[in-house]
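What follows is a single structure, written as structure tokens, with notes after it.
The values are calculated or read from the model by the stated rules, or taken from the named source; none is laboratory data. Bear in mind the structure is a predicted one, so any value in this text is a computation, not a measurement. Glycine gets a Cβ as well: all are built from the backbone with ideal geometry, and neighbour counts include every protein chain shown.
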Amino acid sequence: MRALHRARRTVVAALCVACIPLIRADAQHHRTITFPDSIYRGLGGAFVMYDRNADLLTEYHPADCRKRLTPASTFKILNSLIGLETGVIRDEHYVIPWDSTVYRDFPAWNRDHDLASAIANSVVWYYQELARRVGRKRMTALIDSTGYGNSDASGPIDRFWLGSTLLISPEEQVGFLRRLYDGSVPFSRRSVEIVKRILVLDESDAHVLRGKTGFSGDRSGLTVGWFVGYMEKGGDVFFFACNMTSPDAGRDAGRIVRERKDAALRILAALGAL
């Protein structure tokens, strides 16, 4: 976290914040922000943060904060809840055997995985098999009852969240995470608590950071990288969603994968959430 505190000092000096009138019913206060070029450096994208105690919604590129894109692997959060709730997987230790398909670009995928290791390593094949076992009918019903993005799971059952029919905006990502935190999603407390445990990325006596990355092509032609989650710190909770986009995958895909999480953390640090 020390590096993040240094990042906060450098970014906050150039951070421009402009308070604007309330335009949404889910937050008492709203503001837009701009960043120095060192954050996005020519990439498209958006950032949303909701401060629970201040009831404050902060946004970068408000129009893009409402633009729906493929959730990619951030959908693993909801996919995990659905797998647990339907009984397809019992708990975070439930193993799905590897079928011996070799993923040369992702060597960590080339073994058996349980739910905890699958989300930690963003193992696509595990979640594809989970979705196939859940099946179309149950998957569609639970996505719809959750109110997740456009709730369109009509694409292939094992990839509708990967550049296909399911879409979600940064604002909707934050809304989903708030409902997850509050337990106001249509899942048992047990399922919610298991998912909260497997989302932990960093923790200390002073804070807990939960989150999930995602990366995929979008059917709009954009390449999309996500980092979404929430930080518990000092008796407050900061929910966030950050994406980076580009129309040129060949040029920018690697950079988006490398920088999506770091960019979000630098912004969170600048806003006092880290």
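Some notes on this structure:
- Annotation note: Cβ proximity below 6 Å between a residue of region 219-232 that is more than 9 Å from Gly163 (Cα to Cα) and a residue that is assigned to a strand (DSSP E or B) and among the aromatic types (Phe, Trp, Tyr) (sequence gap 6+ or interchain) occurs for Gly225/Phe215; Tyr230/Phe239; Met231/Phe238.
- The residues listed here are Thr101, Thr140, Thr146, Thr86; of these, the one that is in contact (Cβ under 8 Å) with a residue 60 or more places away in the chain and of a type outside the set (Lys, Arg) is Thr146.
- The number of residues in region 126-154 that are part of a loop (DSSP other than H, G, I, E, B), of a type outside the set (A, V, I, L, M, F, W, C) and buried (at least 16 other Cβ atoms within 10 Å of the Cβ) comes to 4.
- Filtered by the rule that a residue be surrounded by 13 or more Cβ atoms within 10 Å (Cβ to Cβ) and either modelled with pLDDT under 95 or not in a helix (DSSP H, G or I) (or both), region 91-110 gives Asp91, Glu92, Tyr94, Val95, Ile96, Trp98, Tyr103, Phe106, Asn110.
- Region 164-173 - residue that is buried (at least 20 other Cβ atoms within 10 Å of the Cβ) and in a loop (DSSP other than H, G, I, E, B) and, of those, nearest to the chain's Cα centre (by Cα): Ser169
- Qualifying residue in region 187-201 (condition: of a type in the set (A, V, I, L, M, F, W, C) and more than 23 Å from Gly87 (Cα to Cα)): yes
- Some residue of region 174-187 being polar (S, T, N, Q) and buried (at least 16 other Cβ atoms within 10 Å of the Cβ): no
- When Leu57, Leu81, Leu69 are checked against the criterion of being out of contact with any Lys or Arg (no Cβ under 8 Å at 6 or more places or on another chain), closer than 14 Å to Gln173 by Cα and at pLDDT 70 or above, a single residue qualifies: Leu69.
- Selection from region 194-217 of residues that are surrounded by fewer than 19 Cβ atoms within 10 Å (Cβ to Cβ) and either β-branched (Val, Ile, Thr) or under 21 Å from Gly147 (Cβ atoms) (or both): Lys196, Val200, Val208
- Test: residue in region 189-205 that is β-branched (Val, Ile, Thr), within 18 Å of Cys65 (Cα to Cα) and touching a residue at least 24 places away in the same chain (Cβ under 8 Å): no
- Selection within region 214-233 - more than 15 Å from Asp64 (Cα to Cα) and part of a loop (DSSP other than H, G, I, E, B): Arg219, Gly221
- Any chance Val195 is assigned to a loop (DSSP other than H, G, I, E, B) and of a type in the set (A, V, I, L, M, F, W, C): no
- Residue list for region 46-90, filter: closer than 24 Å to Met139 by Cα and either of a type in the set (D, E, K, R) or not in a helix (DSSP H, G or I) (or both): Lys67, Arg68, Leu69, Thr70, Pro71, Lys76, Glu85, Gly87, Val88, Ile89, Arg90
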